[in-house]
Amino acid sequence: MLGPVILAASRSDRLRRVVSAAPVTKPVVNRFIPGESVDQIVPIIVDATSKGLELTMDVVGEDITTPEQAAAARDAYLELIEHLKALDLGTRAEMSVKLSMFGQALEGGHELALSNVRPVVEAAAAIGTTVTLDAEDHTTLDSMFAIHEELRKDFPQTGCVIQAYLFRTEDDARRLAAAGSRVRVVKGAYKEPASVAYQEKPEIDKAYIRVLRILMEGDGYPMVGSHDPRIVEIAQELARRAGRKPGDFEFQMLYGIRTEEHVRLAREGHRMRVYTAYGTDWYGYFMRRLAEKPANLLFFLRSVLTK
Ligand code: FDA
């Protein structure tokens, strides 16, 4: 019950200001967002890749309000790519981007987001890696998929995310499960109405498995974005039945969540990619992590109350 309330709070500017300014928030935030600058994040990239993990890097930020902020988001990714170039990690460190951070919701936003994300995708390709477009709320998805298709004309390795909780997603999965595609499937983290999305966990889990089956049986490269032990097990079984070996698909989990499982899956020979977010505009990302597991909220509140 708490999840939807926290998701509604994730859109509140007033709460954003209060929570972001509270010094006690920092240690709790650090569990999920381990740095605010690229200099703080580089040692984390080096450490994770030395353990056999792969990464997808997210510079946090979304719902920006001016074209200047969108350009700054682009530049933050370009700065990250400069650092990745020096580390020479290839696809072991790719990037995840939210198009809302590149201006998608502003006037002329579709074109603006495309023009801001393209140089990032180009720069990523120039150092031998790639970009995945995150999925945000359902009203943004037609634009996201159109930008994805446009980018893939020049950079076919550009990935995208589909959300199992949306009714539309099985159709999207069928369309995307083609040779050369890279598709991450997740359950979905936004507050969506019952007119477009399943609301209950058992329904969402079943939908996830249906979508995953489509991807595994298709010709693309599935990226299994989930911490759910049952999904991890079923993904391995679906892959086996589809004749896929470890390396023909990958697991993805978020930094700070089920960390031992990251290492276990990598040791078993799977590609395991950790979604690692950093930056100063962490409020929206942080609140979605609280909403996914209300126990995180209790931990957060306890740390506030005991200060
Ligand atoms: P579920 O919520 O059922 O959790 C399974 C178990 O995982 C829990 O019992 C708990 O142990 C652990 N767990 C899950 N979330 C936790 C948390 N926050 N804190 C502590 N433990 C937690 N969404 C989206 O809408 N668009 C996107 O682009 C992405 N991108 C993305 C990338 C990657 C790599 C991942 C793993 C997830 C996303 N998501 C996302 C988020 C996704 O939609 C979903 O909200 C979370 O992954 C939680 O769902 P699970 O599949 O983990 O299952």
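Derivation of every value follows stated rules applied to the coordinates shown; laboratory data play no part. Please read all numbers here as calculations on a predicted model, not as lab measurements. Glycine also receives a Cβ, built like all others from the backbone with ideal geometry; neighbour counts cover every protein chain displayed.
Structure above, values below:
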read-out: Square roots of 5 times each gyration tensor eigenvalue, C-alpha, the stretch 60-118, largest first, Å; value: 24, 10, 9
read-out: Amide H partners (placed H, <5 Å) of Arg182, local residues excluded; value: Cys160, Tyr221
read-out: Relative frequency of Cα-Cα separations exceeding 16 Å in the stretch 210-307, percent; value: 62 percent
read-out: Simple Cβ-charge dipole of the stretch 208-264, Lys/Arg +1 and Asp/Glu -1, about Cα centre, in debye nearest 20; value: 140 debye
read-out: Long-range Cα-Cα pairs in the chain (distance over 28 Å), rounded percent; value: 36 percent
read-out: Gln199/Glu107 FRET efficiency (R0 25 Å; Cβ-Cβ; nearest 0.05); value: 0.15
read-out: Protection proxy ranking of 98-105, 290-297 - average other beta-carbon atoms within 10 Å, highest first; value: 98-105, 290-297
read-out: Dipole of the chain, positive end: most advanced residue of Gln69, Val196, Ala178 [Cβ charges, Cα centre]; value: Val196
read-out: P(r) histogram, all alpha-carbon pairs of the stretch 158-209 included - 5 Å bins from 0, percent; value: 5, 21, 31, 22, 13, 6, 2
read-out: Arg11, Arg118 arranged by Cβ crowding within 10 Å, fewest neighbours leading; value: Arg11, Arg118
read-out: Assigned charges on the beta-carbon of Lys, Arg, Asp, Glu; the stretch 34-281 dipole about Cα centre (debye); value: 1160 debye
read-out: FRET efficiency, Lys85 to Arg11 (Cβ-Cβ, R0 41 Å, nearest 0.05); value: 0.70
read-out: For the stretch 159-246, projected area of the alpha-carbon convex hull averaged over all directions, nm²; value: 5.4 nm²
read-out: Cut-off under 5 Å, modelled amide H: who pairs with Ala197 long-range; value: Phe167
read-out: Dipole magnitude of the stretch 139-178, debye to nearest 20 (Cβ charges: Lys/Arg +1, Asp/Glu -1, about Cα centre); value: 80 debye
read-out: In Hz, Karplus ³J(HN,Hα) per residue of the stretch 153-162 (6.51, -1.76, 1.60; θ = phi - 60°; x = Gly, Pro); value: 4, 9, 10, x, 7, 4, x, 8, 10, 10
read-out: Extension gain, Arg175 back to Asp142 (0.36 nm per residue minus Cα-Cα distance, nm); value: 10.6 nm
